[in-house]
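None of the figures in this text is laboratory data; all of them are computed from the coordinates on show. These numbers were taken from a predicted model, which means no experiment stands behind them. For neighbour counting, all protein chains shown are included, and Cβ atoms are generated from backbone atoms with ideal geometry for every residue, glycine included.
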Amino acid sequence: MTDRDDNGPRRPGQVKEITSLANPIIKDIKALSVKKNREASGTFMAEGLKLVLDALESGWRIETLIYSKAGIGKPLVEKAASRTVAAGGLVLEVSEKVLSSVTRRDNPQMVVGIFEARWQNLFDIKPKANETWVALDRVRDPGNLGTIIRTADAAGASGVILIGETTDPFSLETVRATMGSIFTVPVARGTQYEFTKWQKSSGTNVVATHLKGAIDYRKADYRSKPVVLLMGNEQAGLPDDLAASAGTKVRIPQQGKADSLNLACATAVMLFEARRHLLTLDLA
Ligand code: SAM
């Protein structure tokens, strides 16, 4: 059923057609571009039909599904819509103009979902054998964070821990860069004090990456205990006290004139080295 009342009250479980940018529901959704609004509502936006369907499949709670007129009659869009209605969510059929405005893109995806954000509690993390966690100190760049979450997913890491004031994993830019991995990689957060406390009782080998690390990253022990790869901030690197609390301080040898690797690149190098013995090509 489609309800064409453009300014009517929000009625979960129905399909609403919206063409006006001034619609209050659209204004609320656009407000999710601001971190404090995402935190207040506990929700975030993810774009793309496949990504939305995968998220629904893996049990993420959808609050609102938005699709453009181009999606009308498409079986997979209808599947996403009926699952949203079944979950008590709201379905919005909107004009291209509205979708462009919501996603801030000239050529938006046909489908957008507003999902409930999920944080993993840091102190509930009890790393097991062969697990690798990535801990990021004050990561600032949403593209870096999204890329790291995606890479952690690809390398089979168990999750990402954000230390201190970091960029928001649920911002549109970060979610975009994760390419869907925001729905598969647990993300925890804590202050430096909380991380250090957790780390002491976690039974892990914390491998800190540092430009002054004395050990070649290929020589570190990634096998005897679960591993936490500790990565520094884009500008400042790891603070000395955090680096000192790690079991090992490693460096990725470099040639050429670059001072350092980009944070996401360095994390990728570390992840695939730390998990090298666990990653095999399926040649069947
Ligand atoms: N100016 C910063 C510094 O002095 O550390 C550079 C930070 S670098 C862009 C961001 C992070 O990537 C570093 O804190 C470290 O975790 C990692 N990283 C980059 N290049 C690295 C290398 N060659 N060896 C070890 N870690 C590296």
Which log10 I(q)/I(0) values does the chain give at q = 0.07, 0.08, 0.17 Å⁻¹ under the Debye formula, counting every alpha carbon as one identical point scatterer? -0.31, -0.40, -1.22
Fraction of antiparallel bridges per DSSP, segment 107-239 only, in percent to nearest 5: 5
Taking LEU263, LEU49 and counting other C-beta atoms within 10 Å, the order from fewest to most: LEU49, LEU263
Which of the lysines could be linked to LYS225 by a straight reach, that is with a Cα gap under 28 Å, when you skip same-chain ones fewer than 8 residues away? LYS126, LYS128, LYS197, LYS200, LYS212, LYS249
Cα-projected label distance for ASN130 with LEU281, points at 7 Å along beta-carbon direction, nm: 2.1
What lysines sit close enough to LYS74 to cross-link, taking a C-alpha to C-alpha distance under 19 Å and skipping anything fewer than 8 places away on the same chain? LYS16, LYS50
Normalised by the residues of segment 93-209, what does the relative contact order come to in percent, with Cα pairs under 8 Å and at least six apart? 27
Normalised Cα Rg of segment 43-128, dividing by 2.2 N^0.38 Å with N its residue count, works out at 1.20
How far is helix 263-274 tilted off the main Cα axis of the chain, in degrees rounded to 10, range 0 to 90? 60
Placing +1 at every Lys and Arg Cβ and -1 at every Asp and Glu Cβ, with all other atoms neutral, what dipole size does the chain have around its Cα centre, in debye to the nearest 20? 340
Students often check this: by mean Cβ neighbours within 10 Å, which of 23-31, 227-235 ranks highest, and how do the rest follow? 227-235, 23-31
Would you tally the net charge around GLU96, using a Cβ to Cβ cut-off of less than 11 Å, leaving GLU96 out, and scoring K and R as +1, D and E as -1? +2
Residues listed by number, segment 24-65, amide nitrogen under 15 Å from ARG105 label point at 7 Å toward C-beta: 45-53
Among ASP137, ASP124, rank each residue by its count of other Cβ atoms within 10 Å, from fewest to most, as a rough exposure measure. ASP124, ASP137
Cβ charges +1 (Lys, Arg) and -1 (Asp, Glu), total dipole of segment 105-260, debye: 540
If each DSSP helix of 4+ residues adds -39,500 (n - 2.57) and the sum is divided by the residues in the chain, what number results at 222 nm, nearest 500 deg cm²/dmol? -9000 deg cm²/dmol
